[in-house]
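Participant: The following block contains the structure, expressed as structure tokens.
Nothing in this text is a laboratory measurement; each read-out follows from the coordinates by a stated rule. Since this is a predicted model, take the numbers as computed values, not measurements. Every residue, glycine among them, receives a Cβ derived from its backbone with ideal geometry; neighbour counts consider all protein chains shown.
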Amino acid sequence: MRERHVTTRTVIGISVLTIASLFIIGILVASGQPASARRALALQEPTTSPAAEPPAGDQQEILFQAALEALPQPPAYVQLARTTLQPGASIPLHVRPGPEFGVVESGNLTVRVGGQAVLAPAGDGGNPEPARVMPIDEDVVLQPGDQVVYPPDVAFTLSNASQEPTTFLVLYVVPRGNQSPPSSSWVGGTPPAGALDGVSATIVGEAYALAWPESPLLVVLDRLALDPGETIPASSGPVMFGVESGRLSFALVKGQYQISGGDSGLQANASPGARQSLTAGDAVFFPAGINQVPRPEDQTAMVLLRLSVLSANQVAAASTPAAGATQPAAAETPAAPTATFASGTIVIVNENGVRLRSSPSTTSDVVAELDQGRELTVTGPPEEGDGIVWYPVQANDDEAVTGYIAEGFVATADG
């Protein structure tokens, strides 16, 4: 077995819509051998461990994480795709009726937004930088590992001004609507012939989500490398697996799933009992999550892209620090907690001399001292540190001023 390796990314957040419940499913894994060699496994309903951490032998690379108040009401169309822009290629100004998430895999991607979007740069040496609001109507060059979230109806363009191709993963979730599948809308009309030359996209997976977990939600895209016999981890919410290498063979015991990927297009919800064997380019979506699934030792190694939608509250509960954690100094402790602020909310500092810190901790570096009345924009979900709830923020009058502020030192304009 390999040693476990986890690569992390900054969690970024935005506010969006509303949501729903969870079904129960189990799956029967087959080894890819003849029927006589297949082993039926006794499976349980999804576990209560919402983070669905891989077991010790797995390699997990977290590509993207974002916290949202909600996603478009189900049934909602979900698509994960890999897009490539050749040098000089571009995608004209467009909008979607739901949120879009992106992470750069290779090359440089130039983005220009016409509304509020959130960027989480990869940073140097594997140390992600705090998420921040992108400047409007300015070109921003993204590099590998940079993540961005475009809220619904925010117009943006993508282009490659470099001499090398650029590739990025794109996830979008939109209302089902009348289009099949739902798509983007071009600002200013349909682009002329040749406008999309040099642009190519491959669908990793697509599905119709039937329900969402309890809001707020955490959307996670990661890559799992599983050795022969290593367990497929559980997920308490909707989850999609895109096969990058190896073979994923299974038969559903109870529940529903949807097969997609490549150029085959979305297939209808499949019935329990039908055996499936997925290879590179195929994907499967379990609308109600899955329980932990052991794999026979004779199954081959696999690399999977995994898209998960989880309840952020359940994830937070699973990772709450034990009693007796270090408490902050009295001077740093807010007098009383304030209401929760969604990402994108403009808040106002309510005291003079409030310290903005580099990370959610009273012992981290002070990056600025803020006076009463200064306006800030919340750029992500709250984090707990030293017994305090902190928010990542960016100063509205200086985009270079970013950091974490304790919850009790800010309020909305209306109090």
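Participant: Skipping prolines and chain starts, which residues have an amide H placed within reach, meaning under 5 Å, of the one on L71, given they are 5 or more residues away or on another chain?
Facilitator: Those qualifying (amide H under 5 Å, at least 5 residues apart or on another chain) are L17, T18.
Participant: Using the count of nearby Cβ atoms within 10 Å as a rough guide to exposure, how do D137, D386 rank from fewest to most?
Facilitator: D137, D386
Participant: Using only the alpha carbons of segment 337-415, what is the convex hull's orientation-averaged projected area in square nanometres?
Facilitator: Averaged projected hull area, Cα only: 4.5 nm².
Participant: List I232, I405 from most exposed to least, where exposure is judged by having the fewest other Cβ atoms within 10 Å.
Facilitator: Ranked by crowding around the Cβ, least crowded first: I405, I232.
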